[in-house]
Amino acid sequence: MIGARGTAAAGDAAYQPVHGGTVEQAQAGAPVSGAEFDRGFSELFDVGSDGVLLVDSRGHILRANRECERMFGYDAGALAGRLVEVLVPDALK
């Protein structure tokens, strides 16, 4: 999961910095607090109608949004920590 100031909990997830606050703050490159970043990232991650996974370099799912969980039939939070391979049908492995 992405933590304060865009650092990954496991240290290996890629991210793009996101500015919160006003347009003026973003244009000025004003720093964003860890809580603001986490809140903005969570809102952006969950708002889309597409399924989205955040996976580390070893193939472990760090986070799945609600739509992804729905598409694959998992309860909220149930994909976190599993290998992404669990989503690939056996016939395709």
Kirkwood Rh and Cα Rg combined as Rg over Rh, evaluated for the stretch 48-93: 0.95
Model label zone, residue 58; criterion: amide N under 12 Å from point 7 Å along Cα-to-beta-carbon; scope the stretch 65-93: 81-83
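Bear in mind these aren't lab numbers, they're just calculated from the coordinates by the rules spelled out. No experiment lies behind these values; they were computed from the predicted model shown. Quick reminder, even Gly has a Cβ in these numbers, built from the backbone with ideal geometry, and neighbours come from all protein chains shown.
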